[in-house]
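S.K.: Following this message is one structure expressed as structure tokens.
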Amino acid sequence: MRDGRRPGPHFRERSVFDGLARRQVGQVDLVAHSVAVLTPSLSALGTGLALPAMVGPGFWVSTLLGFGLAGALALVLDQFASRFNAAGSLYTYVAKGLGATVALIVGVAMVLGYGVLAGFGLTGGARRLEAAWVATGGAPPAGYVGWLVVGLLVALCLVVIRRGIHCSTRAALVVESVSVLLLGVILLVWLTRYGLPGPEVFSLAGASVERIVAGAALIATLTVAFESCASLGLEADRPLRAVPASMRISLLVAGGLFFVATLVGSVQPDRRSILTWRWFAVGQEVSLLDAAALVVLGLSMVALAVCAWTVLSRLLFSFAREGILWAGLGRTDAHGVPVVATWCVLPVALAGPVVAWALGRSAPVVPGDLLRATTVIMCVTYACAALALVPFLRSLDELRPATVALPLLALVGVGGVTWQAVTREAGGVSSLPVLLLGGVAVLGLGWRVALGVARPRRVRGIGTHEEPLVADVLIPAAPEDTRDRW
Amino acid sequence: MTAGDADDGFLARQPAAVDSAFAVLEAVAELGPGVTTRELVDVLPMSRATVYRILKHLVAQEYLVRTPDLRGFALGARVRALGAAAADRPDPVVRAVSFGLTFP
């Protein structure tokens, strides 16, 4: 500091992440992206309607606890997302608080998590479109047809993503609006058919704490990836406001719809219609209304695939621009799309179904075990982000008591959900989540060691965020003009 | 914010949050780019929690930006846009204000 004045901060002329379509995504589109990843209609029409039968009395407590935990995590991530903007989301948040090694492990976990989620969207969409065909009276298609449909959906995803972020988020908005409308129609039909729920559904008489906690853990796993909108921060308008708001709003939308569905399901928990995907015509093979519903739900899953694919491409783009992965992944096209990273997501997304096929599954599907194991890994990444908050805020000299209590609460909740998910199998601990977590940790550590040997300077740049540019700041006049003021 | 502002009843007629927000903006402008939260808490007559809350809101609205190390603050593009809009207006009163002139 000279003459009693602090040295002025240095602002760049160009962003490290230059090339993406900046400020193209408005608040509504960003919320739609986040909602699409949560697939609220799918969750409500499946787990939501079935939850009262699964948990019994106190099912509504499970809903409040499950979405409450996601809300607490959203408040933790809000502390990062309102301070800086980064396409790496959780990976960058962890890097700021816990350093490069843990961040790289979280980065590997995110690649796995979003890759599996994209594959789940593609295969789930194909399954529902096939089921829609059967619901119209068609013959059950052969196994190879499923792969053809997945191929068509991959092409559709690529077309939508390549047209730019504005197009893909707007497509998600349209699809999710239709799917929420469908959910509303089905819930109305059920209310007409079975009647309104009475106040007795809120009774806790005979409730089992164990089942309530298990139900809450199940619901919490449905909210995994709620933070996906943070990856679009570079492309969002006023991201430091829009990203935290989108996380909260999407959880409120998904939680509200899920809660209503559980209340409707409590009147007549008709598991047969849920399991056979016949919400309109229970027990009937052919139902055009259910076929239409399945088409909408199939498209909703394709929207999930598009959004997960987009998030993963931004993560790979971010790695490349930070210099810790092949630089070609940072290349963007005229629409501001990281085009090479987008193509590189394809094998990651299809890895799950291909492995399942190699193990003997005829239809393309992401195995349930893999999906559950990936959920556990994502929960661990949330725990890392919660742990990172306190050192991050301390480094900024902005730590307050309330911001210490929040991550502690989130950590306890995430720990409980992870334990429930790992020990879900009767007779002990599931091996796949533990093995997968070990594999992720080994890969992350290996990456850290390789970077330390080959590119030690790059390690310091891990967790780069979008810095304000000269154009974003009011630079004071030259020192000689302002000397009198000081 | 000056004593004169309070004397002419300006504070009494305005919502306190708006006054606080302008006070924070003026403090950042006076202390210069890079001013930290702690420095703002020291100079502003408001609680630490209020300063945090207002800083968060002004950063979200892009009236302020965080410096690249995230520890400090500077005036953002929207303040610049306000200044530019005032400077570009042909209205002589606006131009006079933008050049720092005052009227009786």
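The values are calculated or read from the model by the stated rules, or taken from the named source; none is laboratory data. Here the structure is a predicted model, which is why all the values come from computation and not from measurement. When we count neighbours, we look across all protein chains shown, and the Cβ atoms used for this are built from the backbone with ideal geometry, even at glycine.
S.K.: Restricted to segment B:33-74, and to residues that are acidic (D, E) and surrounded by 15 or more Cβ atoms within 10 Å (Cβ to Cβ), which residue is farthest from A:L393 (Cα to Cα)?
M.R.: B:E62
S.K.: Related question: Could you please tell me which pairs satisfy a Cβ distance under 6 Å, a separation of 6+ or placement on different chains, a first residue in segment A:182-193 that is in contact (Cβ under 8 Å) with a residue 12 or more places away in the chain, and a second residue that is outside any helix (DSSP H, G or I)?
M.R.: A:I186/A:W279
S.K.: Quick one: is A:R331 basic (K, R), farther than 24 Å from A:L152 by Cβ and at pLDDT 95 or above?
M.R.: yes
S.K.: Now, a different point. On the given criteria, is A:D78 part of a helix (DSSP H, G or I) and away from chain B (no Cβ under 13 Å)?
M.R.: The answer is no for A:D78.
S.K.: Taking the options A:A441, A:A385, name whichever one is within 23 Å of the chain's Cα centre (by Cα) and surrounded by 20 or more Cβ atoms within 10 Å (Cβ to Cβ).
M.R.: Result: A:A385 is the single residue among A:A441, A:A385 that is within 23 Å of the chain's Cα centre (by Cα) and surrounded by 20 or more Cβ atoms within 10 Å (Cβ to Cβ).
S.K.: Against the conditions (1) crowded, with 20+ Cβ neighbours inside 10 Å; (2) within 14 Å of another protein chain (Cβ to nearest Cβ), where does A:T63 fall short? Just the number, please.
M.R.: (2)
S.K.: Of the residues B:A16, B:A81, B:A77, which single one is touching a helix residue (DSSP H, G or I) at 6+ places or on another chain (Cβ under 8 Å), at pLDDT below 95 and either more than 8 Å from every other protein chain (Cβ to nearest Cβ) or surrounded by 14 or more Cβ atoms within 10 Å (Cβ to Cβ) (or both)? Spell out the reasoning first.
M.R.: Values: B:A16 fails: touching a helix residue (DSSP H, G or I) at 6+ places or on another chain (Cβ under 8 Å); B:A81 fails: touching a helix residue (DSSP H, G or I) at 6+ places or on another chain (Cβ under 8 Å).
Residue meeting the stated conditions: B:A77.
S.K.: Within segment A:234-252, does at least one residue satisfy the condition of being at negative phi, charged (D, E, K, R), part of a helix (DSSP H, G or I) and within 14 Å of another protein chain (Cβ to nearest Cβ)?
M.R.: Yes, the conditions are met somewhere in segment A:234-252.
S.K.: Let me ask something additional. Could you check segment A:32-62 and list, in sequence order, the residues that are of a type in the set (S, T, N, Q), assigned to a helix (DSSP H, G or I) and either over 27 Å from A:T403 (Cβ atoms) or at pLDDT below 95 (or both)?
M.R.: Within segment A:32-62, A:S41, A:S43, A:T47, A:S62 meet the criteria.
S.K.: Is it the case that some residue within segment A:158-176 is closer than 30 Å to A:S266 by Cβ and modelled with pLDDT of 95 or more?
M.R.: yes
S.K.: Pull up segment B:39-68, narrow it to residues that are out of contact with any helix residue (DSSP H, G or I) (no Cβ under 9 Å at 6 or more places or on another chain) and facing another protein chain (nearest Cβ under 7 Å), then point me to the one that is farthest from A:E467 (Cα to Cα).
M.R.: B:T67
S.K.: Between residues in segment A:394-423 that are in contact (Cβ under 8 Å) with a residue 12 or more places away in the chain and within 14 Å of chain B (Cβ to nearest Cβ) and residues that are not polar (S, T, N, Q) and not in a helix (DSSP H, G or I), which pairs lie under 7 Å by C-beta distance while being six or more apart or on different chains?
M.R.: Listed pairs, sorted by first residue: A:L396/B:L70; A:L396/B:R71.
S.K.: Give the residues of segment B:19-38 that are away from chain A (no Cβ under 11 Å) and touching a Lys or Arg at 6+ places or on another chain (Cβ under 6 Å), sorted by residue number. I'd like the intermediate steps shown before the answer.
M.R.: Let us first name the residues in segment B:19-38 that are away from chain A (no Cβ under 11 Å), namely B:19-24, B:26-27.
None - no residue of segment B:19-38 is away from chain A (no Cβ under 11 Å) and touching a Lys or Arg at 6+ places or on another chain (Cβ under 6 Å), so the list stays empty.
S.K.: Mind checking whether some residue in segment A:8-20 is more than 14 Å from every other protein chain (Cβ to nearest Cβ) and touching a residue at least 24 places away in the same chain (Cβ under 8 Å)? Break it down stepwise before answering.
M.R.: Here is the first cut: in segment A:8-20, the residues more than 14 Å from every other protein chain (Cβ to nearest Cβ) are A:18-20.
Keeping just the survivors that are touching a residue at least 24 places away in the same chain (Cβ under 8 Å) gives A:19-20.
Yes, that holds for at least one residue.
S.K.: Right, next: For segment A:23-33, check the following and say yes or no: at least one residue is surrounded by fewer than 19 Cβ atoms within 10 Å (Cβ to Cβ) and within 14 Å of chain B (Cβ to nearest Cβ).
M.R.: Within segment A:23-33, one or more residues are surrounded by fewer than 19 Cβ atoms within 10 Å (Cβ to Cβ) and within 14 Å of chain B (Cβ to nearest Cβ).
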